C-alpha cells in the first residue's frame, strides 16, 4: 500500500497537513520508478486555489451515501475518491470506492453513516489529471528516506521537500506533485493569461485604472475592482503579446474572481489582434456571492466567436467585459484568468497525487517562506 501526506512548515514548525489521493498516473509512475524505467526522477510541487468538484448535498439511506456535486464530476464506478471539509465530519472519506454513478453530478459510496448533511465538502479523485486552478510550481529540491518504528514495526517513508518562496502570496486550497520530465514537448502548456497583480496594466473605457481590493483575493494580495457601467456592460483592457496558435478547441479557459453581489450576468474575455478584430468567450456567472471560479469553457467557444479577422498568433490586447443582469449594476473583483491545456497531458508523467487542504485553507503571505514535505508511506 502507498499512502501520501503533505506537511507544511513555517520556521520548522508544522502549520498544516493534508492526506492525498494517488492518481492513476501516480500509480503508473511509481511502478515504473521502482522498476527503473523512468529516465529522470525529478519532480515539481504545484499549488492551486481550486476546491473542485464541490459538494452541494449528501443523502444517506441505509448503507448507501449519495453525494451531489456542483460540477459534472467525470467519475465512474470503481474510481477512488477522497472527501474532505464536510460537516458533519463522518462524511469525510479517504480513498473510498465509488459504488455507482446515478448521474453526471451524483455518485454513491457504500457506508452506513446516517447523519444530517450540514454544509461543505470537496472531492479529489484518482482520475484527476491536473490541479483545478494552479497558481505556482516549484522544483522538489530534496528526496530522502525516513524509517521509523511505530507499535514495534518499521514504517518506511519516501520524503520529498520543496519550498514556497517569500514572494509567493495566495490562498492555497490544493496541492500536487508532478514529474518534472515529459515524454513529449509542448510549447503551449497551461498558463496564466492575467493575474491582475498590477492595476497600472489595466484601463477602463474612459482611460482610468481600476481600484484594488484585498477582499476576495486568492492569487496574490489583491483583486482589481471592475464595476459595470451603471446598468450596462463595461470593458477593461491591457496591452500584451500573446500567442493562441498552439491551443486547440479542446483546451479550456477559466477565471477566478470575487463576486460582490448577485447582479453579475457574465464575464467576457476578448483577445484582440487590433481594434475591431478579436476573439471572445463568455464565462457565465456562478450563483451566489463571494470567491468564485468559473466553470471551464472550451476554446472551441472562443475560436468560434470571431469579430473581424483576428490572428491567433498576433494577440496584442486582452479585454475583460463586465455585464450586469438587466436593469442592475454590478461589481466584480478580478483575480486571475488562465488557459488549461486539456488535450496534451502526458500519459506517463501526469499528476502523481492531489490533495485538497482542510478548511480554512492555507494563506501564504508575501515575505513568509513555507517548506513543504510530501511524505510517501510505503507498506511492504
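Read the figures in this text as sums done on the coordinates, not as results from a lab. The structure presented is a predicted model; accordingly, all values stated were derived computationally and were not measured. We place every Cβ from the backbone using ideal geometry, glycine too, and count neighbours over all the protein chains shown.
Using a Förster distance of 51 angstrom, determine the FRET efficiency expected from the C-beta separation of residue 142 and residue 307, and round it to 0.05. Each step should come with its number before you reach the end.
On the way: r = 51 Å, r/R0 = 1.01.
With R0 = 51 Å, the Cβ-Cβ based efficiency is 0.50.
What are the extents of the Cα atoms of segment 191-340 along their three principal axes, listed from largest to smallest and rounded to whole Å?
35, 33, 31 Å, listed from the longest principal axis down.
Can you tell me the mean projection area, over all orientations, of the convex hull of segment 182-262's alpha carbons? Units nm², please.
7.8
Could you work out which residue, out of 122, 151, 37, moves most in a Gaussian network model of the chain, that is, has the largest mean-square fluctuation with Cα springs under 10 Å?
151
How high is the relative contact order of the chain, given as a whole-number percent (alpha carbon pairs under 8 Å, six or more residues apart)?
Details: 1012 pairs, mean separation 95.3, N = 380.
Over the chain, the number comes to 25 percent.
Rounded to the nearest 0.05, what FRET efficiency is calculated for residue 199 and residue 104 with R0 set to 45 Å and r the Cβ-Cβ distance?
On the way: r = 40 Å, r/R0 = 0.88.
Using R0 = 45 Å, I get an efficiency of 0.70.
For segment 24-173, what does the relative contact order come out to in percent, with C-alpha contacts under 8 Å and a separation of six or more?
Values: 288 pairs, mean separation 41.3, N = 150.
Reported relative contact order: 28 percent.
Hey, what's the per residue convex hull volume over the C-alpha atoms of the chain, in cubic angstrom? Walk me through the numbers before you get to the answer.
Working: hull volume 58.9 nm³, N = 380.
That works out to 155 Å³ per residue.
Below 8 Å between Cα atoms, with a sequence gap of 6+, how large is the relative contact order for segment 172-276 in percent? Spell out each step's value before the answer.
Details: 72 pairs, mean separation 22.3, N = 105.
21 percent.
What does the convex hull of the Cα atoms come to per residue for segment 242-281, in Å³?
Each residue corresponds to 118 Å³ of Cα convex hull volume.
Could you state the number of Å between the C-alpha centres of segment 191-232 and segment 350-378?
28
Out of 335, 204, 128, any idea which swings most in a Gaussian network model of the chain, alpha carbons joined below 10 Å?
Among 335, 204, 128, the largest GNM mean-square fluctuation belongs to 204.
Enter the Cα centre distance for the pair segment 151-177 and segment 69-105, rounded to the nearest angstrom.
About 24 Å separates the Cα centre of segment 151-177 from the one of segment 69-105.
With r as the distance between the Cβ atoms of residue 34 and residue 14 and R0 = 30 Å, compute the FRET efficiency 1/(1 + (r/R0)^6) and round to 0.05. Mind showing how you got there, number by number?
Details: r = 29 Å, r/R0 = 0.96.
Between residue 14 and residue 34 the formula returns 0.55.
Who wins for biggest fluctuation among 110, 334, 298 in a Gaussian network model of the chain, springs between alpha carbons below 10 Å?
Maximum fluctuation in the GNM of the chain, among the listed residues, is at 110.
If a/c stays under 1.5 just call it rounded; otherwise compare a/b with b/c (prolate if a/b is bigger, oblate if not). Do that for segment 114-184, with a ≥ b ≥ c from the square roots of the Cα gyration tensor eigenvalues. Walk me through the numbers before you get to the answer.
Values: a/c = 1.73, a/b = 1.06, b/c = 1.63.
Oblate, because a/c is 1.5 or more while a/b does not exceed b/c.
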